[in-house]
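Here's the structure, in structure tokens; my notes come after.
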Amino acid sequence: MLQRRPDLAKVAVSATTRPRREGEQDGREYYFLSDAEFQRRVDNDEFEEHVSFAGGRYGTLKAEVDRLLAEGSNVILELEVEGAFEIRRRRPDSVLIFIDAPVDELERRLRERNTESAGDIAMRLDIARRQAAARGGFRHVVQNQDADRATDELLATMLAELVRNGGPLKTGPASNDPPQDR
């Protein structure tokens, strides 16, 4: 979506304790932290939200969100359900959008990605099933079975929310590049 409208928002880079995968760079996909460093930051109240998820710890650093907001950017956080609800408690003006996909499609994507073991895939699918039950707590639900359609719907939802909230809506050329499925 941001390839089509890079002027619309920026994604906050999350922190994690999970091992870095091949090709990942610190500060691009995640800030990769040791368990001790993650806990130090929790103890110092440096996270907007943090959770244990799929065998690792994940969190959104306050400094990352504040930096993007200070730049005048709309900020996107990629979170699981518990983290999203914590953000809503801390920042009530946030808009929660649940990205939903059929479990068989999630399984296909995870197997195609080839970065998790069969046990990890089963655990992630179980988590996805449980989290889908919480989608009613989100303002919007976007179905992500087809990447192009989901991208269109997410973009339209974000634009409508920005207009509705009077938030910073920058105008600029939309990209003609095809969307990428995350």
Next on the checklist: Need the failing condition index for Asn74 against (1) farther than 27 Å from Arg139 by Cβ; (2) in contact with a Pro (Cβ under 9 Å, 6 or more places away or on another chain), just the number.
Outcome noted: (1)
Checklist entry - In segment 127-182, what count of residues is obtained for those that are at pLDDT below 90, in a loop (DSSP other than H, G, I, E, B) and of a type outside the set (Lys, Arg)? => result 19
Checklist entry - Can you name every residue in segment 116-138 that is surrounded by 12 or more Cβ atoms within 10 Å (Cβ to Cβ) and over 13 Å from Ala54 (Cα atoms)? => result Ala132, Ala134, Arg135, Gly137, Phe138
Next on the checklist: I'd like to check something: does segment 9-24 contain any residue that is in a strand (DSSP E or B), more than 25 Å from Leu155 (Cα to Cα), without any contact (Cβ under 8 Å) to a residue 12 or more places away in the chain and under 17 Å from the mean Cα position of the chain (by Cα)?
Outcome noted: no
Checklist entry - If you take the residues in segment 33-69 that are at pLDDT 95 or above, in a helix (DSSP H, G or I) and not charged (D, E, K, R), which one is farthest from the chain's Cα centre (by Cα)? => result Ala36
Item to check | Given (1) farther than 28 Å from Ala122 by Cβ; (2) outside any helix (DSSP H, G or I); (3) in contact (Cβ under 8 Å) with a residue 24 or more places away in the chain, index of the condition Arg28 fails | outcome: (3)
Item to check | From Ile99, Ile87, residue being of a type in the set (Val, Ile, Thr) and either outside any helix (DSSP H, G or I) or in the same structural domain as Leu159 (by TED's automatic domain parsing) (or both) | outcome: Ile99
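The values are calculated or read from the model by the stated rules, or taken from the named source; none is laboratory data. Values in this document were obtained by computation on a predicted structure and should not be read as measured data. No Cβ is skipped: glycine too gets one built from the backbone with ideal geometry, and neighbour counts run over all protein chains shown.
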